[in-house]
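The values are calculated or read from the model by the stated rules, or taken from the named source; none is laboratory data. All values reported here derive from a predicted model rather than from experimental measurement. Using ideal geometry, Cβ is built from the backbone for each residue, glycine included, and neighbour counts are taken over all protein chains shown.
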Amino acid sequence: MQNFFGQYDCTIDAKGRLMIPAKFRHMASEQSGGQFVITMGKEKCLNLYPLAAWNESIVSRLRDLPPGQQKRNYIRFYSRKSRNLILDKAGRIALPAAFLEALGNPKKVTLIGALHYMEIWVPDDFETIGPAVDENFLESDWEY
């Protein structure tokens, strides 16, 4: 499975559609035939998964949790806060109104590749964390 890398500035059209950048679009089509799952992120962003990555990372982890209340709550969260989306012939996905409202109905977004999924941010929100992310990395002992 290929990974998503990069940062793209994108526009949300009047019908709430987001044009997926060509590089990401081709990768997602290869992996999942243009099928996506969108969910609320833990931070102030949306997470967009190709269907195959969603099944591999989120669904498999939910299934592997031990039975109990926490598992049921996680499943309920993802069931309530996720939607299936399909890439149209023009390379767009229609973002559900509730998801756009959660971001404040932006007209522009920043799309960030996050390995097996993508994050959708309001540019101002991402700019508030971007420098801290960079600083944290540069100050860490991570070696490559």
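Applying the criterion of being without any contact (Cβ under 8 Å) to a residue 60 or more places away in the chain and of a type in the set (S, T, N, Q) to the residues of segment 56-77, the residue that is nearest to Gly34 (Cα to Cα) is Ser60.
Looking at segment 113-124, is at least one residue over 14 Å from the mean Cα position of the chain (by Cα) and in contact (Cβ under 8 Å) with a residue 40 or more places away in the chain? Break it down stepwise before answering.
First, pick out the residues of segment 113-124 that are over 14 Å from the mean Cα position of the chain (by Cα): 123-124.
Then keep just the ones that are in contact (Cβ under 8 Å) with a residue 40 or more places away in the chain; that gives 123.
Yes, some residue in segment 113-124 is over 14 Å from the mean Cα position of the chain (by Cα) and in contact (Cβ under 8 Å) with a residue 40 or more places away in the chain.
In segment 22-51, what residues are surrounded by fewer than 18 Cβ atoms within 10 Å (Cβ to Cβ) and of a type in the set (Gly, Ala, Ser)? Within segment 22-51, Ala22, Ser29, Gly33, Gly41 meet the criteria.
Restricted to segment 10-30, and to residues that are more than 19 Å from Glu101 (Cα to Cα) and out of contact with any Leu (no Cβ under 8 Å at 6 or more places or on another chain), which residue is modelled with the lowest pLDDT? Walk me through how you get there before you give the answer.
As a first pass, look at segment 10-30 and keep what is more than 19 Å from Glu101 (Cα to Cα): 20-30.
Narrowing the set further to residues that are out of contact with any Leu (no Cβ under 8 Å at 6 or more places or on another chain) leaves 22-23, 26-27, 30.
Values: Ala22: 91, Lys23: 88, His26: 84, Met27: 83, Glu30: 77.
The residue in question is Glu30.
Which one of Ala22, Ala53, Ala28, Ala14 is small (Gly, Ala, Ser) and without any contact (Cβ under 8 Å) to a residue 40 or more places away in the chain?
The unique qualifying residue is Ala14.
Please return the ranges of strands (runs of 3 or more DSSP E) entirely within segment 41-144 where 3 or more residues are out of contact with any Ser or Thr (no Cβ under 9 Å at 6 or more places or on another chain).
By residue number, 82-86, 92-94, 108-114.
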